[in-house]
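Structure record follows, encoded as structure tokens.
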Amino acid sequence: MMLFSCKMKIAILLLGSLTVTSITASSSRRPPNILILIADDLGIGDVGCYGNDTIKTPNIDRLAHEGVRLTHHLSAASLCTPSRGALLTGRYPARYGLVGQENTPPVIVHVASRVGLPESEFTFAEAFKVSGNYATAAVGKWHLGSGCDWWGRDCRGPLKHGFDSFYGLPFTLDNVMKGNFRFWIFPLHQTLYQGLLVTIFACLGTVVILWVRGAKCPSVFLLLISLIVLPLTWFIFTHYRFHTPRWWQVSPWMDDNMNGIVMRDGIVMEQPLVLEGLTQRLVEHSLDLLDEFVEGEKPFLLYHAFTHVHTPMFTTEEFKHVSKHGRYGDNVEEMDWGIGALLNKLDELKITNQTIVYFASDHGGHLEAIGADRQREGGHNGLFKGGKGMGVAEGGIRVPGIFRWPGYLPAGLEVAAPSSLLDVTPTLLELAQLPTLHQLNPNQQEVDGRSLAGLLQGTVNTSPHHVLLHHCRRDIQGLRLVIGEQVYKMYLKYPVWQPGSTQCGWGSSILCGCYGTNVEDLRKHPLLYNLHVDPYEDSPIPPHTEEYQGVTTILQAYLKEWQERVPYPPSMFSNVFDTMLSLWLQPFLQL
């Protein structure tokens, strides 16, 4: 896919600004502020207003009570990077290669890599800057690429996508970020290290012999091998995994120190990051931003992406042992506190009625996650089957979703029609009475999201979508057809779980994938459910019925037309040089 140059993108933004000026000149109403709150790995069954009565989430519940609760809200992917890409752009991430494919990682795996959200993609931050001259900021987890230049310079990340400022994690959390890993590792029981040790001593011994005999040039050459080539060999084999099927991985020490960082506008603030109090530091930064925004003349868009409830589990002392669900519940309740702090700040600043708040999770809970003490550390997806990483499984993509705008959206409304994270940008633009993405950006490519404004305002009760696609990597594994109140879901591939469960075992590093032996190929005989009458997919529609024949015929024809019309580019992650941890791009803490 061709990427726009920076100059071309600036020209588009300027042209969009002129277009918007002419469209909105007659409107004197100040556009609303926007506060977007995104949880990480939060299951739909973890929240009080979605049926959980054992984890306390009073602030999320308050949003639902004062706003509109979406009960059929969907992520565009069951993993972080593609899901967040879809949220920011309103487009399936497979369209621009921000998904994995065979023998690649499924998400961005390093801060110091060249992969990331393409600059050609038009984000909601850019849309609101152009349309309403918004002040924009991103806080928390990014996980969409850092864009660092040589020696870790110009790591603008979110700043390349319409955000005026960024404070948070350019990458994500990982269990290794609990620290205490060694850099110097030389396990002599392994053949490779035995060979290295023998080679080093042999080279050094030969150097001494050659030097004594007067052969200085050969001895210097061998000395360089001993001091440079062999240590470099040790470093690569110890701290990289090129020699394994998961070639993109690095050692725990490298992950902790290179990927576990906090940045502010391209400058490293913590390396490695400190887990305890991280939520509080991020929330405090957003609270300070809200104070600054109110003092300014512009409306604002604040994107706050929580690090909770992704593993590893951590809280301050105040939130330890407060939940009946152990560490996981403690983390949910600490995140809910953060949401409450932000909502209370809106009240304090008297801008609650001038601010649209949107809350969601990036995808479903990680069912398999447990700690070293066998305590569960993954989320709950209610009665929906499956979870994080499982592609088309309902539990991996069905997420909580709430919009609140007092005085403009009805309080306490529940919407059962299908909706998606893809819909956030079109929805917010229409609610704010701002131009559409295509009006803002003449070069805007096809948008997959649809505005939910009518659903949220209670003026319509049917989904704006006709068909929603569900991907695993670049593979379309399911389709959802909306016909009035009826919602059908066709599986082309179905997860293979452990007997008697909807997951793939237990473990902090276990994730039930959506490819290979983890799925059953059903393309010749698709599985079909009517989610309106069978939301938990307990009883598939029999293939011999007229209903099955009619719906599958429609969806297969749609899929054929889509695949002919929308060719997907290769995965960005298929390029080893772009995907690997590149030390020459690594940002470091400035001491």
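Packing order of peptides 407-413, 514-520, 452-458, 540-546, highest average first: 452-458, 514-520, 407-413, 540-546 (average count of other Cβ atoms within 10 Å over each peptide's residues). Entry note: segment 191-239 has Rg to Rh equal to 1.05, where both radii use alpha-carbon atoms and Rh is the Kirkwood radius.
Taken over the Cα atoms of segment 395-451, the convex hull encloses 91 Å³ per residue. Convex hull volume of the Cα atoms of segment 108-235, normalised per residue: 159 Å³. Around the amide H of GLY140, modelled in the peptide plane, lie the amide H atoms of TYR167, GLY168, LEU169, ALA305, all under 5 Å away and 5 or more residues distant in sequence or on another chain.
Span-like helix criteria (full DSSP H runs; alpha carbon extent of at least 30 Å along the helix axis; mean Kyte-Doolittle hydropathy of at least -0.5) are satisfied in the chain by 191-212.
R0 = 56 Å: FRET efficiency of PHE186 with SER120, Cβ-based, nearest 0.05? Can you show the working numbers first?
Values: r = 46 Å, r/R0 = 0.82.
E between PHE186 and SER120, to the nearest 0.05, is 0.75.
Under a straight-distance cross-link criterion of Cα-Cα below 30 Å, which lysines are reachable from LYS489, leaving out those fewer than 8 residues away in the same chain? In chain and number order, the partners are LYS385, LYS388, LYS524, LYS560. With a simple spin-label model that places each label point 7 Å from the Cα along the Cα-to-Cβ direction, the separation between GLU295 and ASP149 comes to 3.1 nm.
Computed from the Kirkwood radius of its Cα pairs, the Stokes-Einstein diffusion coefficient for segment 219-337 at 37 °C and 0.692 mPa s stands at 180 µm²/s.
Per-residue Cβ neighbour counts within 10 Å put THR71, THR316 in the sequence THR316, THR71, beginning with the fewest.
With a Förster radius of 35 Å applied to the C-beta separation of ASP347 and ASN461, the computed FRET efficiency comes to 0.65.
Label-to-label distance, GLU317 versus ILE209, with points set 7 angstrom from Cα along the beta-carbon direction: 6.4 nm.
Let me know the Kirkwood hydrodynamic radius for the chain, please, with Cα pairs as the basis and the value in Å to one decimal.
Numbers: mean 1/r = 0.0395 Å⁻¹.
Kirkwood hydrodynamic radius for the chain: 25.3 Å.
Rounded to the nearest angstrom and ordered from largest down, what semi-axes does the equivalent ellipsoid of segment 504-591 get from its C-alpha gyration tensor (root of 5λ)? All intermediate terms of the calculation are to be shown ahead of the outcome.
Working: eigenvalues 332, 89, 31 Å².
Calculated on Cα positions only, the semi-axes equal 41, 21, 12 Å.
For the chain, what does the helix formula give at 222 nm: sum of -39500 (n - 2.57) over DSSP H segments with n ≥ 4, over the residue count, nearest 500 deg cm²/dmol?
Rounded to the nearest 500, the figure is -9000 deg cm²/dmol.
The distance between label points at ARG264 and ASP534 comes to 5.5 nm (points 7 Å beyond Cα on the Cα→Cβ vector).
For segment 376-474, what is the convex hull volume of the alpha-carbon atoms per residue, in Å³? Don't skip to the answer; put the middle values down first.
Values: hull volume 14.8 nm³, N = 99.
Convex hull volume per residue, Cα atoms: 149 Å³.
Got a sec? Which residues in segment 142-172 would a label at GLN445 touch, if it sits 7 Å along Cα→Cβ and we count backbone N under 19 Å? Residues 144-147, 160-162 qualify, since their backbone N sits under 19 Å from the label point. The trypsin sites (Lys or Arg not before Pro) of segment 316-351 meeting both criteria, a DSSP state outside H, G, I, E and B (loop) and at most 15 other C-beta atoms within 10 angstrom of the site's C-beta, are LYS320, LYS324, LYS350.
Mind giving me the FRET efficiency for THR545 and GLN486? R0 is 22 Å, r the Cβ-Cβ distance, nearest 0.05 is fine.
For R0 = 22 Å, the calculated efficiency reads 0.95.
A short reminder: the numbers here are calculations on the coordinates, not readings from a lab. Everything numeric here is computed off the predicted structure, so don't read it as measured data. A quick note on method: Cβ atoms are made from the backbone with ideal geometry, for glycine too, and the neighbour counts reach across all protein chains shown.
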